[in-house]
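One structure below.
Read the figures in this text as sums done on the coordinates, not as results from a lab. All of these numbers come straight from a predicted model, not from anything done at the bench. FYI the Cβ positions are ideal-geometry reconstructions off the backbone, even for glycines, and counts take in every protein chain you see.
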Amino acid sequence: MFPREYRGVAFVVGLFLVVQVGALALVPEFVESGYQAVENPDDPTNSLVYILAILAMTGVMLAAFRYDFDRAIRLLIVGVSAWLSWYVFSAVLPPLGAAVPALGVGVALLVYPEWYVIDAAGALMGAGAAGLFGISFGLLPALVLL
């Protein structure tokens, strides 16, 4: 491997660690705030609902790309990014105060979608999503989802 490749691998490993450590840091705040997505995290049917939702959204996205609604998908992805960012920021800020940086993430993704903006937003959203999944799934549903 060349030195440049080592740096790339190190960067990816660093992003992975940021997401995982961030998720672990967010879990206590998410539990305290009641962000658990389901009532019973040990119910294996929760995974089936998620699988159906993934399949349905995949169909919607494929149809949108087929019929030239790319802009709508982009807005949906940016909106979901801002929404997940709000969850992360609300763990450390009051809910209304968390809206400002969350909207900033959305605007940055819309206006300046460079690789580092996308990577930073992805790490932030990854930590939030991993934390939410962590408190919303028990062991059996997580295994079913895998």
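Structure notes:
- If you check ILE73, ILE54, ILE118 for being farther than 18 Å from GLN36 by Cα, within 17 Å of the chain's Cα centre (by Cα), among the hydrophobic types (A, V, I, L, M, F, W, C) and surrounded by fewer than 13 Cβ atoms within 10 Å (Cβ to Cβ), only one passes: ILE54.
- Within region 27-52, being part of a helix (DSSP H, G or I) and either in contact with a Phe, Trp or Tyr (Cβ under 8 Å, 6 or more places away or on another chain) or hydroxyl-bearing (Ser, Thr, Tyr) (or both) holds for PHE30, SER33, THR45, ASN46, SER47, TYR50.
- Among the residues of region 9-32, those that are surrounded by 12 or more Cβ atoms within 10 Å (Cβ to Cβ) and either closer than 16 Å to ASP119 by Cβ or among the polar types (S, T, N, Q) (or both) comprise LEU15, PHE16, VAL18, VAL19, GLN20, GLY22.
- Residues in region 26-50 that are under 27 Å from ALA120 (Cα atoms) and touching a residue at least 24 places away in the same chain (Cβ under 8 Å): LEU26, VAL27, GLU29, PHE30, VAL31, SER33, TYR35, GLN36, ALA37, TYR50.
- Residue in region 76-89 that is more than 25 Å from VAL111 (Cα to Cα) and without any contact (Cβ under 8 Å) to a residue 24 or more places away in the chain present: no
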